[in-house]
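Have a look at the structure below, then the notes.
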Amino acid sequence: MPQETKPAGSKARRFVWLAAGIAVFGLAWTAGWHFVADRIEARLPLTLQQLAGQQARAECLNAEIRGYPFRFGLFCDRVSYDSVRSNLRAESGALRSAAQFYRPNHIVSELDGPLSFSGKAGEGRIDWRSLQSSMRLTPRGLDRGSLDSQKISIDIDSTALSSRFGIRADRVSAHARRNDLDADIAVYAEGVQGDMLDQAAFDRLTLEATLPGQATLFDVPLREPQGAFDVRLHRLLVEFDAGTSLEFSGPVQVDETRRISGNINVTVRNQENLAQLAARIDPQYAELIGNVAPMLGAFDTVEGDDAITVPLTIRNGAVSIGIIPLGRLPAF
């Protein structure tokens, strides 16, 4: 029996209906995208005010939503923040951001430098070749975020400093996340040089810490810790070269006046080279290390390795090894 064939007109009608469906979907998608974009732009002033908090103002100059058809991104010519409460003023260059329509709470962005800021303690400027970030948001605020910068420089002039502070790094990355009720933070830097360091620059800096019960720091509006708080310092490692490093770890408490107390383990690798590096910064540091170094072996709590680990006691900023006072840490 010969096979029946569908009339050519039937195929043509199916093609027309398919094309019409695609066209209608495209028009609906376009209308929907622009509707959402307009809503975001309309709510932007309120959103910025919520982020800034009371007695503060955040501005996104010439804000525009872009990214059609599959992304939503906020673009600004300039970003600024002004707080009456803390007397802090900050301003940076252009902002470009994007989020996929199927994952609107995951935002990636790029910010142009420089960032200039001023406040009660002084003023400063931060510049970079590139600065990119990635954030995952919740209705409360930040769930986790990462920042990566290349060729970054920081210059600060403050009344609390004896001279202007300047530091440069080939790369700096920072990470933060909610961990149940706690806040985890980590900072990594490579190729660090500073005005005060001269030839004593270090290869890498690692900071990993947890702030117990401080996950609310990531709520909107973002704020600094209020009152006294604890810090679990997992590791603060300064690597000067392949064999010379200084590492701190242990629990720390910060009181309402921002004085530090705690019991810290300090691990020193290659103390002779460390003393030479300290002499390049300030001869007084070399003298202090030279006076303390002969006693460090007696306090070593970890035997059998090539390093010296000693317990450091801090009480309201006063630092000591056992009963031997070393000096005071400034409040921050």
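Laid out as a table, the results:
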read-out: Positions within the range 130-178 being of a type in the set (A, V, I, L, M) and assigned to a loop (DSSP other than H, G, I, E, B), in sequence order; value: 160, 161
read-out: In the range 61-85, the residues that are open to solvent by 90 Å² or more (accessible area, probe 1.4 Å), more than 22 Å from residue 115 (Cα to Cα) and out of contact with any Gly (no Cβ under 7 Å at 6 or more places or on another chain); value: 68, 70, 71
read-out: Tally, over the range 39-60, of residues that are in contact (Cβ under 8 Å) with a residue 12 or more places away in the chain and either part of a helix (DSSP H, G or I) or open to solvent by 90 Å² or more (accessible area, probe 1.4 Å) (or both); value: 10
read-out: Residue in the range 300-318 that is modelled with the highest pLDDT, counting only those that are more than 30 Å from residue 257 (Cα to Cα) and open to solvent by 20 Å² or more (accessible area, probe 1.4 Å); value: 308
read-out: Cross-chain or 6+ apart pairs with Cβ under 6 Å, the range 133-150 first and under 15 Å from residue 180 (Cα atoms) and in contact (Cβ under 8 Å) with a residue 60 or more places away in the chain, then open to solvent by 50 Å² or more (accessible area, probe 1.4 Å) and assigned to a strand (DSSP E or B); value: 143/136
read-out: Qualifying residues in the range 101-120 (those that are open to solvent by 60 Å² or more (accessible area, probe 1.4 Å) and modelled with pLDDT under 95) - the one nearest to the chain's Cα centre (by Cα); value: 105
read-out: Residue within the range 11-34 that is closer than 30 Å to residue 85 by Cα and either at pLDDT 85 or above or open to solvent by less than 90 Å² (accessible area, probe 1.4 Å) (or both) present; value: no
read-out: Candidate set: the range 226-272, residues that are part of a loop (DSSP other than H, G, I, E, B) and among the small types (Gly, Ala, Ser); chosen: the one surrounded by the most Cβ atoms within 10 Å (Cβ to Cβ); value: 228
read-out: Residues (in a strand (DSSP E or B), closer than 23 Å to residue 150 by Cβ, open to solvent by 20 Å² or more (accessible area, probe 1.4 Å) and at pLDDT below 95) located in the range 191-220; value: 191, 193, 202, 203, 204, 205
read-out: Strands (runs of 3 or more DSSP E) within the range 66-129 that include 1 or more residues of a type in the set (D, E, K, R); value: 71-76, 78-83, 88-92, 95-100, 106-111, 122-127
read-out: Sole exception among (1) farther than 20 Å from residue 326 by Cβ; (2) at pLDDT 90 or above for residue 261, by number; value: (1)
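The values are calculated or read from the model by the stated rules, or taken from the named source; none is laboratory data. Note that the coordinates shown come from a computational prediction; the quantities given were computed from them, not determined experimentally. For neighbour counting, all protein chains shown are included, and Cβ atoms are generated from backbone atoms with ideal geometry for every residue, glycine included. Please note that ligands, DNA and RNA were not included when accessible areas were found on the heavy atoms of the full protein model with its side chains. Shrake-Rupley method; radii C 1.70, N 1.55, O 1.52, S 1.80 Å.
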